Structure formats: C-alpha cells, structure tokens
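> The structure follows.
The values are calculated or read from the model by the stated rules, or taken from the named source; none is laboratory data. None of these values were measured; they are calculated from a predicted model. Cβ sites come from the backbone with ideal geometry, for glycine too, and all protein chains shown count toward neighbours. Just the protein is used for accessible areas: all its heavy atoms, side chains included, with ligands, DNA and RNA removed. Shrake-Rupley method; radii C 1.70, N 1.55, O 1.52, S 1.80 Å.
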Amino acid sequence: MEDYEGDEIFEESGGVYICSGNGGPKGLKRAKTRDENVDDDERKLIRREFEHHEKGVARINNGSFGCCPSSVLSAQAKWARLFMQQPDSFYFNSLQKGILQSRQIVSNLINATHVEEVSLVDNVTTAVAIVLQQVAWAFMEGTFKKEEDAVLMLHYAYGAVKKAIEAYAVRAGACVIKVHLPFPVSSKEEIIDTFREALKQSKAQSKRIRVAVLDHVTSMPSVVLPVKELIKICREEGVDQVFVDGAHAIGSLDIDMQDIGADFYASNLHKWFFCPPPVAFLYCRQQLLPNLHHPVVSSEYGNGLAIESAWVGNRDYSAQLSVPAALEFIEQFEGGIEGIRRKNHDCVLRMAEMLAKAWDTHLGSPPELCSSMAMVGLPDCLKVRSEKDAMDLRTLLRKRFGVEVPIYYRWATVATDPNSTERPKPAFSAYARISHQIYNTTDDYLKFRNAVNQLVLEGSRLQ
C-alpha cells in the first residue's frame, strides 16, 4: 500500500503533516486540508452549529441522512411551538404563507418557470409515488396499453424507487425496461453510449416507453449522471415523460430546470441543503400539473398539487417551513450554496484520492462524475463477498472504530482468454461511499483509513 502522495502522513490536531523525505521536524510540510479552505469566522460558525453531533464519530455519510445546523433546528422548533400555541391562528394565518415562501426559495434556486411548478413533499419517495400514481391511472383508464407500454428505470435506481415502480406501474400493467449502467465508469460518454443502445433495443422490441425514471446522482454506487444528455436521448427516441430522481442533488449540484429539460424532478432538501427532515421538492412542468395529485387525499384535493401537498391533514409542517432558515444559514458562507458545493466537491475528491493511494485501489468514477460523494475501492483482502459482508463491515466500522460510512458490494466476472473453454471466474470488489460536508475534517478520513489498515493488518496475521 502507498501513503498519501508517496510520503508518510503524521496526524496532528487540525490538519495533516506530510514528511517530504528529509526527516526530522524541518522535513515536515503541512498538507492542504479542508480546514484551510475556510476562514476563522466560518470555522467557529461550523463548530457552533454542529456541536450537537456525537463526539468521536467520523460522520462521512452525509449522503444518507444529511445534517441540520443548530440554528435551523431552533427555527423548526419555533414553528412547531407556534402551531401548538394557537393552532387555528397558525392554520388560517401562517401555514400557507410560510410554505409559499419556502416554495418560492426553491423555485428561484432551480430556475423554475413559475412557483406553481414547485410543491413541497416529505421526501423523494413521496414525489415518486405522486408521479407513478398518474402512470397507474393512465394504464387503468386505457390511456396506456397494458403489457405493451413500458416504464424505463436504471439498474442502479434507489431501492424505494424500484419498489414504487413495482407497486404502481407493474401492478397496473406496465412492462419494465431496466438499463444496466457500467461501474466503475471512466467517462460520461460511456454512460451515454450504454443508455442510447438500451433505448434502441427497447424500440426494436416495439415497446413504447411512457415514462423514464432517471437518477441525477445514483445512490449506490454514487455517480453523477449526465441527465441533460440522457433526457435528450429520451426525447429523440419518443419517450413520453421523464422523471429525474435528484435525491442527492440540491446543495451538491447546480440544478436548472430550464437547462435539464425534465418533466418531473425531485430532490431532498434535508440531505445537502441543511434542512431538517422531512422536506423535499417536486418540480412538474406546468402543463402536466393537472394530472398529479398527492396520494394522501385531504380537503384540498383538486386545488392543485402544491396546495394539496401543503395540507395532508393535521401534522407537523415545521420542516417545510424551515427552508428560509436553512438559506439564511447557507448565506453566511462565502459563495453561498455554490461555494459550499464547490468546497465539498474538491475536498471529497482530495480525501478519496488519499484513501485510494493509501490502499492501492482506485476511485469508481472520474472527478467530473463525483458530487459531494465519491466511491473509493477497498482492499480486496477485506474479503467482502456479499451484501451481508458489506453490511457486516459497515457495522464493524461503526461499533469498533467510530466510523460511519456505507459499503457497496459489487459482483463481477474476470474476462478470460477468448479461446479458452473455461468459464469466467467470479471477481468480487467493494467500495466505500464517502461524503464530505462542511463539518467534516481531515481527521475523519484518516480515522477511516487507519481503521481499514488495522483490519487489513489483522487479516494478514490470520493467514
């Protein structure tokens, strides 16, 4: 295994020191760390806002559950208390105004044509149900042809999305076309070519694709997909509608609805935009809005999706009302959300490259296909041979080493000599999906590196 840039890493509080090879104190040079990318005021702000995080845990898994600063949590608590102080006044005077303000912020962020195109929902899972519900109705009402028309999805679609397609579309009579994308991946062109070929094959099978469900950032493995180019291919091949699952997008990627060109787009505000869960947005082209309804039917049914979603009965709406507080927090940082996004991207790449060099592995995708997350290959001697092994390793890292990071198990085959009569031999590999958010420090990734090195060392002793 190699150390960072071929040199020896010395751990020190607040940064990393690299021995340049001269030896002794004079031979030490300080590596550029994430902490040096923020000024003293921002560093103090980060420590104050995230002091509620459990001490001693390397949280390099922001992608799963996100994070919420103390000031935003306080704003959420104020909204919840305001509701309970005088529910009638809150319902008639505050709720709809507050949610409209949150929707307007999102509308501006994503460059929607009109605020009516933006609805606030609990999460992307809810948004998927809203879109697929109208697909099911189209099959049941005869607009779509059962056993002939299809829904297209990616092999790497999020598990809940796959289940939603099964629950809504398949039960209503839809065929499912599953596109297998490559991983590891070397370029966006590799993704585009694979996707284009899959659509051509489906066309040859006389399947009409009514809805394509695409990811902007796949969850596991994490790869930024060229959705604009994929949507263009969908249009060329006659796909009726395109829904983009952008669960990880807002706060980690630039999102422009006019540029992307999707019919539907959803993203969680509680992952990378510092909102408390649960809150997400669903964008829908204005001309398609009449077909969409919230699956929880309330007294607001028929008043438009945005209004239906803003009242699904007596419940806590404080997360949806906290979007302005999250934006206020973000604007305290240089460059706002764009500055945060750029720093997170640069830092996660730097940490991923450090880990890959330390373990003599590789990244799962090139830098331009990484968001604020990156896939780092794990040493094969860890012997992750199944999804259970991956979960066992994740649990071990959490309980023994205080490192929280998802592990991805990938099964593949090793190509053999084409003239050989032997069957291809199976090959196994595992990747860690590391995230970087503003609260992370270099020490979090060094802790992860050292934990894996310790497990590798213990494994070698057993052999």
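> Given Val227, Tyr168, Ala247, which one lies farthest toward the positive end of the charge dipole of the chain, if we put +1 on the Cβ of every Lys and Arg and -1 on the Cβ of every Asp and Glu?
Tyr168
> Would you kindly state how much longer the chain becomes between Arg48 and Leu289 on full extension, computed as 0.36 nm times their sequence separation minus their alpha carbon distance, in nm to one decimal? Kindly include the intermediate steps, with their values, before the conclusion.
Values: separation 241, 0.36 × 241 = 86.76 nm, distance 4.22 nm.
Between Arg48 and Leu289, full extension yields an extra 82.5 nm.
> How far apart, in nm, are two points set 7 Å out from the Cα along the Cα-to-Cβ line at Ser386 and at Glu147?
3.8
> Still on this model: Can you list the DSSP H helices in the chain whose Cα atoms extend at least 15 Å along the helix axis and whose mean Kyte-Doolittle hydropathy is 1.0 or higher? It would help to have the intermediate numbers written out before the result.
Working: long enough: 70-85 (22 Å, 0.20); 95-110 (23 Å, 0.29); 124-140 (24 Å, 1.63); 188-204 (24 Å, -0.94); 336-359 (35 Å, -0.32); 387-401 (20 Å, -0.97); 442-462 (31 Å, -0.42).
In the chain, the long hydrophobic H runs are 124-140.
> Just the accessible area per residue of the range 190-296, please: how many Å² with a 1.4 Å probe? All intermediate terms of the calculation are to be shown ahead of the outcome.
Working: 3460 Å² over 107 residues.
Result: 32 Å² of accessible area for each residue.
> Only four residue types carry charge here, +1 at the Cβ of Lys and Arg and -1 at the Cβ of Asp and Glu. Report the dipole size of the chain about the Cα centre in Debye, rounded to the nearest 20.
The dipole magnitude comes to about 980 debye.
> Between Tyr408 and residues 5 or more places away or on another chain, which pairs have amide H atoms under 5 Å apart, with H built 1.01 Å from N, and which residues are they?
Here Tyr431, Ala432, Arg433 satisfy the definition.
> Rg(Cα) of the range 182-332 divided by 2.2 N^0.38 Å? Mind dumping the intermediate values first?
Numbers: Rg = 17.6 Å, N = 151, 2.2 N^0.38 = 14.8 Å.
So the range 182-332 has a normalised radius of gyration of 1.19.
> May I have the convex hull volume per residue, in Å³, for the Cα set of the range 118-219?
Working: hull volume 10.7 nm³, N = 102.
So the per-residue Cα hull volume is 105 Å³.
> Can you tell me what percent of all Cα-Cα pairs in the range 120-175 are more than 14 Å apart?
Details: 776 of 1540 pairs.
Considering the range 120-175, 50 percent of its Cα-Cα pairs are separated by more than 14 Å.
> Now, a different point. May I ask you to evaluate 6.51 cos²θ - 1.76 cosθ + 1.60, the Karplus curve with θ = phi - 60°, for each residue of the range 310-316 and list the ³J(HN,Hα) values in order in whole Hz, giving x for glycine and proline?
7, 8, 10, x, 6, 7, 8
> Using amide H atoms built 1.01 Å from N in the peptide plane, name the residues 5+ places from Tyr156, or on other chains, whose amide H lies under 5 Å from its own.
Here the answer is Leu181, since their amide H atoms fall under 5 Å of that of Tyr156.
> From the P(r) of the range 164-263, can you give the percent of Cα pairs sitting at distances over 17 Å? Before the final figure, lay out each step's value.
Numbers: 2643 of 4950 pairs.
Of the Cα pairs, 53 percent sit more than 17 Å apart.
> I would also like to ask the following. Please work out the C-alpha center-to-center distance from the range 166-184 to the range 325-339 and express it in whole Å.
Result: 38 Å between the Cα centres.
> Per-residue counts of other Cβ atoms within 10 Å, averaged by peptide: what ranking do you get for 268-281, 287-300, highest first? Don't jump to the answer; show the numbers that get you there.
On the way: 268-281: 25.4, 287-300: 15.4.
In descending order of packing, they fall as 268-281, 287-300.
> More than 31 angstrom separation, counting every C-alpha pair in the chain; what % is that? All intermediate terms of the calculation are to be shown ahead of the outcome.
Values: 50905 of 106953 pairs.
In whole percent, the long-distance tail amounts to 48.
> Can you list residues whose amide H is under 5 Å from Asp263's amide H, if they're 5+ apart or on another chain and H is modeled 1.01 Å from N?
Here the answer is Val242, since their amide H atoms fall under 5 Å of that of Asp263.
> Taking the full set of protein chains and a 1.4 angstrom probe, give the accessible area of Leu455 in square angstrom, rounded to the nearest 10.
Looks like 20 Å² after rounding.
> Which distance in nm do the two modelled labels at Gln101 and Arg315 give, with both placed 7 Å along the Cα-to-Cβ direction?
Computed distance between label sites Gln101 and Arg315 equals 2.3 nm.
> Follow-up. With a 1.4 Å probe and every protein chain kept in, tell me what percent of the accessible surface of the chain is carbon plus sulfur.
Details: 10390 of 21200 Å².
Within the chain, the accessible surface is 49 percent carbon and sulfur.
> Could you work out how much longer the chain between Ser94 and Lys55 gets when fully extended? Use 0.36 nm per residue separation minus the Cα distance between them, nm to one decimal. Mind showing how you got there, number by number?
On the way: separation 39, 0.36 × 39 = 14.04 nm, distance 3.73 nm.
Extra length available between Ser94 and Lys55 comes to 10.3 nm.
> How far apart, in nm, are two points set 7 Å out from the Cα along the Cα-to-Cβ line at Lys399 and at Glu338?
4.7
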